[in-house]
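The values are calculated or read from the model by the stated rules, or taken from the named source; none is laboratory data. If you're wondering where the values come from, they're calculated on a predicted model, not measured in any experiment. Cβ: placed from backbone, ideal geometry, glycine included. Neighbour counts: every protein chain shown.
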2 protein chains.
Amino acid sequence: MSMRETVNLRRLSEVLGLSQTTVSRALNGFPEVNEKTRARVVEAAQRLNYRPSASAASLATGKACAIGHVVPLAEHMMINPHFSDFLAGAGEVYAQFGYEMLLRVVAQAEEADVYRDFASRSRVDGVVVHGPLTNDPRIPLLKSLGLPFVVHGRSDDGTGDYSWLDVNNRRAFCRATGFLADLGHRRIALINGLEAMNFASRRRQGYESVLADRGLEQDPSLIFSEDMVEPYGHRVARQLFSSPRPPTAILVSSVLPAMGVVRALAELGIRPGADVSIIAFDDCLSFLQPASDGKARDVPFLTAMRSSIREAGRRVAEMLLEQIAAPDGGRRHELWEAELVIGETTARCPVEQTPLPAAAKS
Amino acid sequence: MSMRETVNLRRLSEVLGLSQTTVSRALNGFPEVNEKTRARVVEAAQRLNYRPSASAASLATGKACAIGHVVPLAEHMMINPHFSDFLAGAGEVYAQFGYEMLLRVVAQAEEADVYRDFASRSRVDGVVVHGPLTNDPRIPLLKSLGLPFVVHGRSDDGTGDYSWLDVNNRRAFCRATGFLADLGHRRIALINGLEAMNFASRRRQGYESVLADRGLEQDPSLIFSEDMVEPYGHRVARQLFSSPRPPTAILVSSVLPAMGVVRALAELGIRPGADVSIIAFDDCLSFLQPASDGKARDVPFLTAMRSSIREAGRRVAEMLLEQIAAPDGGRRHELWEAELVIGETTARCPVEQTPLPAAAKS
DNA sequence: TTGTAGGCGTTATCAA
DNA sequence: TTGATAACGCCTACAA
């Protein structure tokens, strides 16, 4: 049996000897339909494999039943693992509620055009804003377009008049820095993300405020701000440990550069934990999770501030769908705290513990 | 100026004092339109920010201008970096040709339903099949649905009657195994992907055929087959090097488990290259690429069989769009060879070179 | 409880 | 070169 001919509402209603209206109502769960009729209709629809055409339904209802995500395609960059885990979470929710996830991979400069296109062509019912900058121009643009949106992160536009979900990045980096300071570390490096991004500048604020509070030296040569890829961490770590005064601890904004740091340390014969403490922000990226075989988890390798970005994706998607369902429901804001999880890469500062020459670090 | 009211074809034609027909033709580049008229129309459309409604256009033309991708959501799994880099490549092409990329994140068991939904609701004009199994049931299903598709990989269904793009995985693993054997390695482990997947079983074939050809021992305890995540490589490497007869070389099916292997070796004090040779299949995942700062690249760390999965995504997307444009154009097949790139993780087998006790490997 | 008729915003056919 | 007019397939007042 070839299923190639698509059966539409008219065909189905003809087969049933009913009007299109009744069939439509029966399938869409209207209460006034006779239950016997409904049963007949549902059965026939199933048998003939009828489903309403997406574009016809959209046209008639004005709802696209789709959410847009724009993937910025910077230079030689990339749909990175943070991004894709977020999408995985959001996508689960969309699928569950019958929404389509629509992805546009375009150069960053064209992002505004995409939103205009989404709006004027009624392609989507809403969008998620990724990687907000401080005073991000996308926010006023989306407002003016009347396109519902939720921001993953915050933009600090002064008004706060938009829905967002964010991790408390400042607090997370405060706690991590404080934790290292408590262990006796005095020279703490920060391998941060791009500080044009709001989350990264917040992280730096957290780090710097603790250094200031505790009267620790603030050395600009210990601070880095780039795209969070593995080779970045590798390069910076090699640079740091070839300098005359290397740090005794490092804060890293993502496990990706943290892996690079660990790789560099291995090459240099420096032991994470024993010789240098490392704390990374851990988004629970899926490819780093051990297969859950029911066994209890070991002590994690990396000490980390942890918050699942995939869970964030789920929640942001839910918030957006709620907002679309109830446009006048007001803005929603959620601020999540990251866990501080102790692994094997942090220990008391060896320099302080034994005020003798530290382990060879060339 | 609020742009919230969407201007449609009727409004635009009223403003211009023309019929909808003429306006539509002018905008869609029909040749019979007076050039002066066309100029007027284009100008007005731009000024009023008119764009045809996506669903209305779809309904009228029967084209969805969208391509579907199904992201399998296994257990605690994941939209992994291989997948997302492929999507990034494909997405570039779609955006370029005015196609939408549509993602469905669903449990593996529901994938067939998604295709049925796509087809019966005319949601998409085609789909990409990811991670084909041998005799993959999705292929006959998609054929029966009349939904155009291209397979990333091959399914070996006997007929080959479908379009695909694949890397020559067998040859790549032949070459890599041969290269290690040439370096004097006799005990070579294989940390493979899930061999239910066609690509993984081909890789194993390549590996085994070279062992057989060269009369090397085939030890089943050196072969592993799991999901290609980082902790997998870590766990297996620890297991291998706590065994009485560890391998002197390891083939790894992805850089993700390879990173885990390297991490385990670091913990054990075993040096990649010098003590154990490692070759990984490198899909050129973006988060592992150094920022291209114009400088010449260093010697890569990992010796690898290399083929850009993102480039594959681009090409698969092109093939699919071509097939949609010319449905009778026949099947297209492309088999890509992976490069063998020498890095720092391969060297002559130390055991053979010095037939003395190898470096401590406990 | 069911049916009729009109509209959603395009594109496409035919006539002028 | 332009314009009526009819699809496209669904939803939804309004009427029966």
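Restricting B:Val105, B:Val114, B:Val127 to residues that are more than 9 Å from every other protein chain (Cβ to nearest Cβ) and either in a loop (DSSP other than H, G, I, E, B) or touching a strand residue (DSSP E or B) at 6+ places or on another chain (Cβ under 6 Å) (or both) narrows the list to B:Val127. In summary, no helices (runs of 4 or more DSSP H) completely within the stretch B:28-102 bear 2 or more residues that are in contact with a Phe, Trp or Tyr (Cβ under 6 Å, 6 or more places away or on another chain) and within 16 Å of DNA strand C (Cβ to nearest atom).
The strands (runs of 3 or more DSSP E) found entirely in the stretch A:256-340 include none that carry 1 or more residues being among the polar types (S, T, N, Q) and closer than 16 Å to B:Glu230 by Cβ. Consider the stretch B:217-238 and keep the residues that are more than 24 Å from the chain's Cα centre (by Cα) and polar (S, T, N, Q). The one that is nearest to B:Arg271 (Cα to Cα) is B:Ser221.
Among the residues of the stretch B:4-27, not a single one is in a strand (DSSP E or B) and more than 12 Å from DNA strand D (Cβ to nearest atom).
For B:Gly98, the conditions (1) of a type in the set (Gly, Ala, Ser); (2) in contact with an Asp or Glu (Cβ under 7 Å, 6 or more places away or on another chain); (3) surrounded by fewer than 20 Cβ atoms within 10 Å (Cβ to Cβ) all hold with the exception of (2). State whether one or more residues within the stretch A:284-293 are more than 10 Å from chain B (Cβ to nearest Cβ) and touching a residue at least 24 places away in the same chain (Cβ under 8 Å). Yes; the residues of the stretch A:284-293 include at least one that is more than 10 Å from chain B (Cβ to nearest Cβ) and touching a residue at least 24 places away in the same chain (Cβ under 8 Å). For the stretch A:224-255, which residues satisfy the criterion of being assigned to a strand (DSSP E or B) and either out of contact with any strand residue (DSSP E or B) (no Cβ under 9 Å at 6 or more places or on another chain) or among the aromatic types (Phe, Trp, Tyr) (or both)? Across the stretch A:224-255, the qualifying residue is only A:Phe224.
Restricting attention to the stretch B:125-184, the residues that are aliphatic (A, V, I, L, M) and closer than 21 Å to B:Leu102 by Cβ total 11. Within the stretch A:121-170, the set of residues being within 18 Å of the chain's Cα centre (by Cα) and basic (Lys, Arg) comprises A:Arg138, A:Arg154, A:Arg170.
Conditions tested, residue by residue: (1) closer than 30 Å to A:His130 by Cα; (2) touching a Lys or Arg at 6+ places or on another chain (Cβ under 6 Å); (3) away from every other protein chain (no Cβ under 14 Å).
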{"residue": "A:Leu27", "(1), (2), (3)": "no, no, no"}
{"residue": "A:Val33", "(1), (2), (3)": "no, yes, yes"}
{"residue": "A:Val42", "(1), (2), (3)": "no, no, yes"}
{"residue": "A:Val70", "(1), (2), (3)": "yes, yes, no"}
{"residue": "A:Leu73", "(1), (2), (3)": "yes, no, no"}
{"residue": "A:Leu87", "(1), (2), (3)": "yes, no, no"}
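Per this entry, A:Ser58 is counted among residues that are in contact (Cβ under 8 Å) with a residue 60 or more places away in the chain and within 16 Å of DNA strand D (Cβ to nearest atom).
In the stretch B:343-362, what residues are at pLDDT 90 or above and in contact with a Pro (Cβ under 8 Å, 6 or more places away or on another chain)? The answer is B:Gly343, B:Glu344, B:Thr345. Considering B:Thr6, B:Thr22, the condition of being among the polar types (S, T, N, Q) and facing chain A (nearest Cβ under 9 Å) is satisfied by B:Thr6 alone. Would you confirm, using the coordinates I've provided, whether B:Asp85 is exposed (fewer than 15 other Cβ atoms within 10 Å of the Cβ) and not assigned by TED's automatic domain parsing to the domain that holds B:Ser253? When the stated conditions are applied, B:Asp85 does not pass them. When A:Ser155, A:Ser122 are checked against the criterion of being assigned to a loop (DSSP other than H, G, I, E, B), more than 27 Å from B:Gln108 (Cα to Cα), at the interface with another protein chain (Cβ under 8 Å from one of its Cβ atoms) and touching a residue at least 40 places away in the same chain (Cβ under 8 Å), a single residue qualifies: A:Ser122. Looking across the stretch B:183-222, the residues that are out of contact with any Lys or Arg (no Cβ under 7 Å at 6 or more places or on another chain) and either assigned to a strand (DSSP E or B) or in the same structural domain as B:Pro132 (by TED's automatic domain parsing) (or both) come down to B:Ile188, B:Ala189, B:Ile191, B:Met197.
For the stretch B:172-183, a residue qualifies if it is surrounded by fewer than 23 Cβ atoms within 10 Å (Cβ to Cβ) and touching a strand residue (DSSP E or B) at 6+ places or on another chain (Cβ under 9 Å), and the qualifying residues are B:Arg175, B:Phe179, B:Ala181, B:Leu183.
One residue is enough: does the stretch B:40-55 have a residue meeting the conditions more than 9 Å from DNA strand D (Cβ to nearest atom) and touching an Asp or Glu at 6+ places or on another chain (Cβ under 9 Å)? Looking for residues that are more than 9 Å from DNA strand D (Cβ to nearest atom) and touching an Asp or Glu at 6+ places or on another chain (Cβ under 9 Å), one finds at least one in the stretch B:40-55, hence yes.
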